[in-house]
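Take a look at the structure set out below.
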Amino acid sequence: MEQTRQLVDTITKGIQEKKGQRIVVADLANIDGAICNYFVICQGNSPSQVEAITESIGELARKELGEKPATVAGLENAQWVAMDYGDVLVHVFLPDVRSYYDLEHLWEDAELTEIEDID
């Protein structure tokens, strides 16, 4: 579990390096039927920023932890990119797409941690 927590911290750092906003970490570890242990959710203000955040996460996770996502989906239009790290699923949204899907509240029992934006 310590390695998973390190991955979450590294992903958060990758998001912050590209000025990703409204980072939320949803802890799903104690929820029966959850598809992973953590969701990391954030947003960028444009498709190019969503893409830059995704690249930053991938690069940092690879360099610092030797981790690569099993799959990355959504880069074609960069409105919602999902990165699958097994125990951690990362979701990088455009603001309107994020509010429409409202993933933070998909798992009602999840403990949510909001990470302060870096200016």
With at most 11 neighbouring Cβ atoms within 10 Å, loop GluC sites (Glu not before Pro) (DSSP) excluded, longest segment of the chain: 1-75
Cα-projected label distance for D32 with E111, points at 7 Å along beta-carbon direction, nm: 2.0 nm
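What FRET efficiency comes out for S46 versus D87 if R0 is 30 angstrom and r is the Cβ-Cβ distance? Round to the nearest 0.05. Write out the running numbers ahead of the final one.
Details: r = 29 Å, r/R0 = 0.98.
After rounding, the FRET efficiency stands at 0.55.
In Å², and per residue, what accessible area does the stretch 1-71 have when probed at 1.4 Å with the other protein chains present? Write down the numbers at each step before the final one.
Values: 3550 Å² over 71 residues.
Accessible area per residue: 50 Å².
Any chance you could tell me what percent of the C-alpha pair distances in the chain go past 18 Å?
Details: 3173 of 7021 pairs.
More than 18 Å apart: 45 percent of the Cα pairs in the chain.
Would you mind telling me the antiparallel percentage of the DSSP bridges in the chain, rounded to 5?
On the way: 18 of 24 bridges.
Once the DSSP bridges in the chain are tallied, antiparallel ones form about 75 percent.
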Distance (nanometres) between label positions extended 7 Å along Cα→Cβ at D96 and R62: 3.3 nm
Karplus (6.51, -1.76, 1.60) ³J(HN,Hα), θ = phi - 60°, over the stretch 79-96, in Hz, Gly and Pro reported as x: 9, 8, 10, 10, 10, 9, 9, x, 6, 10, 10, 10, 10, 10, 10, 7, x, 5
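The values are calculated or read from the model by the stated rules, or taken from the named source; none is laboratory data. Small disclaimer: the values here were computed from a predicted structure and weren't measured. Because the Cβ atoms are built from the backbone with ideal geometry, glycine has one as well, and the counts that use them run over all protein chains shown. Ligands, DNA and RNA are stripped out before the accessible areas are found, and what is left, the full protein with its side chains, is counted by its heavy atoms. Shrake-Rupley method; radii C 1.70, N 1.55, O 1.52, S 1.80 Å.
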